[in-house]
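See structure below.
Quick note: the coordinates plus some simple rules give every number you see, no bench work behind them. Small disclaimer: the values here were computed from a predicted structure and weren't measured.
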Amino acid sequence: MERTDIFTTGAFLHPVQINDNEGNKKWFWIVSSFEDESFKGGFLCNPVSVADVQEGLLINDLDDE
């Protein structure tokens, strides 16, 4: 089956098949990239698609840049 990427407001998504804790295969939408501005708690932030640690997925100090 060919992979079907989609766009939702502000993000590109693609389907990924992952085994759950019981070994059952499930399909999930994974964000592959972000577009436009993102906000957390009303403040501008910069989400990234991949990070080594959870804290690295979000840069929320854009006002300092």
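Considering only alpha-carbon pairs that sit under 8 angstrom and 6 or more positions apart, the relative contact order computed for the stretch 6-64 is 24 percent.
What's the extension gain from D20 to F43 if we count 0.36 nm per residue and subtract their Cα-Cα distance?
Separation in residues times 0.36 nm, less the Cα-Cα distance, equals 4.9 nm.
Just to be sure I understand, if you calculate P(r) over Cα pairs in 10 Å bins from 0, in percent for this structure, which of (1) 23, 60, 17; (2) 18, 39, 31, 12, 1; (3) 15, 21, 35, 25, 4 do you get? Of the listed options (1) 23, 60, 17; (2) 18, 39, 31, 12, 1; (3) 15, 21, 35, 25, 4, (2) comes from this structure.
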